[in-house]
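**Student:** Dumping the structure here so I can ask a few things about it.
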Amino acid sequence: MTTATTTPAKTPTATPADVTEASRAVILRYMDTLTTGDFDALRAFFAPDATWTLAGDLPLSRTWVGPSAILDEFIPAMVSRLEADSMELEFEGVIAEGERVFAEWNTRATAKSGLPYDQHCLAVFTVRDGRIVEVREYFDTLHAKNVVFV
């Protein structure tokens, strides 16, 4: 009498290239959605405990936790300082490696101060399980302070 042995099915393991490409795809879709202004759609990109850190010493510089804080507090607080109909985003591209994606874009608008806001931005996104878990954003805070936060 022989006993049949079975080998458990192996779950395919993602290669580093697979993780990089999946992370890149998430951020490209996020940036495309961002340009539409559809905040409900944007919410789905973030993990429940996602963080967004704005570096520097601006009144909005800190770490925002969760999609509600990011999309209902942080972004509207920044955008409210700009003339909405003047705002323009120009997406430059991404560089990805593993879970990290560097995204580069330009934000142009007229600030409520009447001054032109022309900001070059860079953010480091961390993507895990198809969702954004962390963002660290960097830009010229002196320009923002002199134009947007006057």
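**Student:** Roughly what angle does helix 16-34 make with the longest principal axis of the chain, taking Cα atoms, 0 to 90 degrees, to the nearest 10?
**Tutor:** Approximately 40 degrees, to the nearest 10.
**Student:** Provide the per-residue ³J(HN,Hα) series for segment 56-66, in order, calculated from phi with Karplus coefficients 6.51, -1.76, 1.60 and θ = phi - 60°, each as a whole number of Hz, with x at glycine and proline positions.
**Tutor:** x, 10, 6, x, 9, 6, 4, 9, 9, 10, x
**Student:** Between N106 and A77, with labels modelled 7 Å along Cα→Cβ, what's the label distance in nm to one decimal, could you check?
**Tutor:** 2.8
**Student:** Still on this structure, please answer the following. How fast does segment 67-146 diffuse by Stokes-Einstein, in µm²/s, taking the Kirkwood radius from C-alpha pairs at 37 °C and 0.692 mPa s? The partial results should precede the final answer.
**Tutor:** Values: Rh = 13.8 Å.
Rounded, D is 238 µm²/s.
**Student:** Find out how many positive minus negative residues lie around A109, taking Lys and Arg as positive, Asp and Glu as negative, among other residues whose Cβ is under 15 Å from that of A109.
**Tutor:** It works out to a net charge of -3.
**Student:** Here's a follow-up. Can you give the calculated 222 nm mean residue ellipticity of the chain, where each DSSP H run of n ≥ 4 adds -39,500 (n - 2.57) and the sum is split over every residue, rounded to the nearest 500 deg cm²/dmol?
**Tutor:** Values: 4 runs with 36 residues, N = 150.
Result for the chain: -7000 deg cm²/dmol, rounded to the nearest 500.
**Student:** For the chain, report the accessible area per residue in Å² (1.4 Å probe, heavy atoms, rounded to an integer).
**Tutor:** Dividing the accessible area of the chain by its residue count gives 58 Å².
**Student:** Given a 1.4 angstrom probe, I'd like the percentage of the accessible area of segment 12-101 that is carbon and sulfur, rounded to a whole number.
**Tutor:** 55
**Student:** Compute the semi-axes of the equivalent ellipsoid of segment 6-150, taking the square root of 5 times each eigenvalue of the Cα gyration tensor, and list them largest first in whole Å.
**Tutor:** On the way: eigenvalues 210, 43, 36 Å².
The three semi-axes for segment 6-150 are 32, 15, 13 Å.
**Student:** Under 5 Å between amide H atoms, partner at least 5 residues away or on a different chain: which partners does L82 have, H built in plane at 1.01 Å?
**Tutor:** K112
**Student:** What whole number of Å gives the distance from the Cα centroid of segment 48-66 to the Cα centroid of segment 70-117?
**Tutor:** Centre-to-centre (Cα) distance: 14 Å.
**Student:** Let me ask something additional. Could you pull out every residue, at least 5 positions away or on a different chain, whose amide H is within less than 5 Å of the one on A50? Hs are placed 1.01 Å off N in the peptide plane, and Pro or chain starts have none.
**Tutor:** Residues meeting the criterion, in which the H sits 1.01 Å from N, are G66.
The values are calculated or read from the model by the stated rules, or taken from the named source; none is laboratory data. What you are looking at is a predicted structure, and each value in this text was computed from that prediction instead of being measured. Methodologically, a virtual Cβ is constructed for each residue, glycine included, from the backbone with ideal geometry; neighbour enumeration extends over all protein chains shown. To get the accessible areas, we keep the full protein, side chains included, count just its heavy atoms, and leave off ligands, DNA and RNA. Shrake-Rupley method; radii C 1.70, N 1.55, O 1.52, S 1.80 Å.
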